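Following: one structure in structure tokens, then a few remarks.
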Amino acid sequence: MKICMKVSWMLPSILGLALGACSTDSAKGVGQEGTGGNAGSGGATESGGTTATAGAPETGGTTGAGGGSGGASSTGGIGSGGASSSGGVTTSGGAVPSGGATQPGGTGGKATGGTSAGGKTGAGGATSAGGATGPGGATGTGGATGTGGKTGAGGATGAGGTTAAGGTTAAGGATAAGGAGPTPSGTPVDVHGQLKVVGNQIVDKNGKVIALHGMSMYPWNTQGTQFYNATAVGHLVKDMDCAILRIPILPNSLTAQTPLVKTVVDACIANGIYAIIDWHGSTAASAASTFFASMATAYGTSPNVMYEIWNEPSGVTWPTIKTYHETVVAAIRAIDPDNIIFLGTPQYDQEPQQAAADPVTTSTNLAYTFHFYAFSHHFANYGPNVTKALAAGIAVFVTEYGGCASTGNGTFDATELQTWWNFLDTNNIGSTNWAVETNGETSAIFTTSANKTGPWTTAEITNPDGTTILNYIQSKYAATVTP
């Protein structure tokens, strides 16, 4: 069954996500098209992509073919990738059937608790209620609430108390206390709570292995950042069953994008799902440390939030990457002692086995990232890297992937994508798909005419890419919310 059927079961319109292009940065791609590293990660990161493999869609998008040819990630050219409408091109969308196949599960999932998932979320409704709780007295403390609440100080108190403060504005509530308000009942975070890393697996508050599935937002231009709003997030959760969202920020756009990132994080908290704050580029460890220290201060008390501190390192050796990680991890841990931190791995996040041979040992609750684009990165060539990493004892999470080429464009390889999904499912590895965007590339889950807040109709979701990806995510929701 196609997503349109699932959606019609849930809402009059289909949902949608939108950020963008197969993180071209993920150009990681060994011999993939596109040179560009610079590209996506904000530059340096993908820059390493010297290898012509790169094809960082994010940047590369600009050049439909160059895949990421052009660094100037800031250009976010991706938009240009428009040509990519070819996305749907592939009839191999057979995946749709495959994805569709999974749909049943999705439906079940939704039925089980799904909808409540976000929805009932009340977006904060509960939170505002908390406000009421505020009598919380925390009022007193609350007074200081505006600020204190922020810290969750009050939050903790009367929980809602904080909310009251921040809660004054539902969104603020979330921000303020880093999610101090009550978590909506039946949602992923309500069921699983604080996550941690045990051996080579991510487990929940009860020690149960958990694999989260969702989408990655898209930071390169307004075709993606337009979806950094609370209403869109609500529909990604309630209609598309996302249990987690990855929220990229470009290091060279902190002033403009930090408020947007917080808006999405706050909405994730209000809807009871997990959020990964992604440093989508390469800069000095000092800059990343300052940013993540501020995020840890705002959200360190929330079990919803995790951190990805370097997207797709390239052109540098693991020892250099490891030193960077140790510096940024220390800055986060000085404030947030336990939320999971995802560490980038060599060659565009495609060689976790290198990290596994010499892992970061200065902290706990660390997991490592892996990225792939099915058409460019066949499982036979890259799957063994993940298998070796797991065997060596580290936890792996796929924070970015696509069914197309590493440029964000080209053929949608449904068969190869299913092979990857089978492997990830077998090994309980979670994932976030690239991306929530409307730039016309194959990797975009939304068509160029999709609205920025949702809900979305079937016509606003790309096919086969968007339809297939969303069917897969929805098929996993039931298992996510079942204790």
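A simple packing score, the average count of other Cβ atoms within 10 Å per residue, orders the peptides 396-407, 319-330 as 396-407, 319-330, with the highest score first. Note on Thr453 and Lys205: the model spin-label points, each 7 Å out from Cα along the C-beta direction, lie 3.3 nm apart.
For Lys388 and Thr364, a Förster radius of 25 Å and the Cβ-Cβ distance give a FRET efficiency of 0.70, rounded to the nearest 0.05.
Take each peptide in 283-290, 243-250, 254-261, count the other Cβ atoms within 10 Å of every residue, and average; sorted highest first, the result is 243-250, 283-290, 254-261.
Pairs of alpha carbons in the stretch 378-452 separated by more than 15 Å make up 60% of all such pairs.
Between the stretch 190-206 and the stretch 217-285, the alpha-carbon centres lie 22 Å apart.
Considering only Cα-Cα distances, which of the following residue pairs are longer than 24 Å: Lys196/Lys452; Lys238/Lys476; Lys238/Lys262; Lys262/Lys476; Lys196/Lys476; Lys238/Lys452? Check vs 24 Å cut-off fails for Lys196/Lys452; Lys262/Lys476. Remark: the Asn252-Gln194 segment gains 17.8 nm on full extension, using 0.36 nm per residue and subtracting the alpha carbon distance.
A Förster radius of 41 Å, combined with the Cβ-Cβ distance separating Thr419 from Thr231, puts the computed FRET efficiency at roughly 0.70.
Among Asp239, Asp465, Asp425, sorting on how many other beta-carbon atoms sit within 10 Å of each Cβ, with the fewest leading, yields Asp425, Asp239, Asp465. Students often forget the sequence filter, so: which aspartates and glutamates lie under 14 Å Cα-Cα from Lys388 once same-chain residues fewer than 8 apart are removed? Output for Lys388: Glu351, Asp358.
Taken together, the values in this text are just the output of simple stated rules run on the coordinates, not laboratory data. Since the structure is predicted, the reported quantities are computational estimates derived from the model, not experimental observations. With ideal geometry, Cβ positions are generated from the backbone for all residues, glycine too; neighbour counts draw on all protein chains shown.
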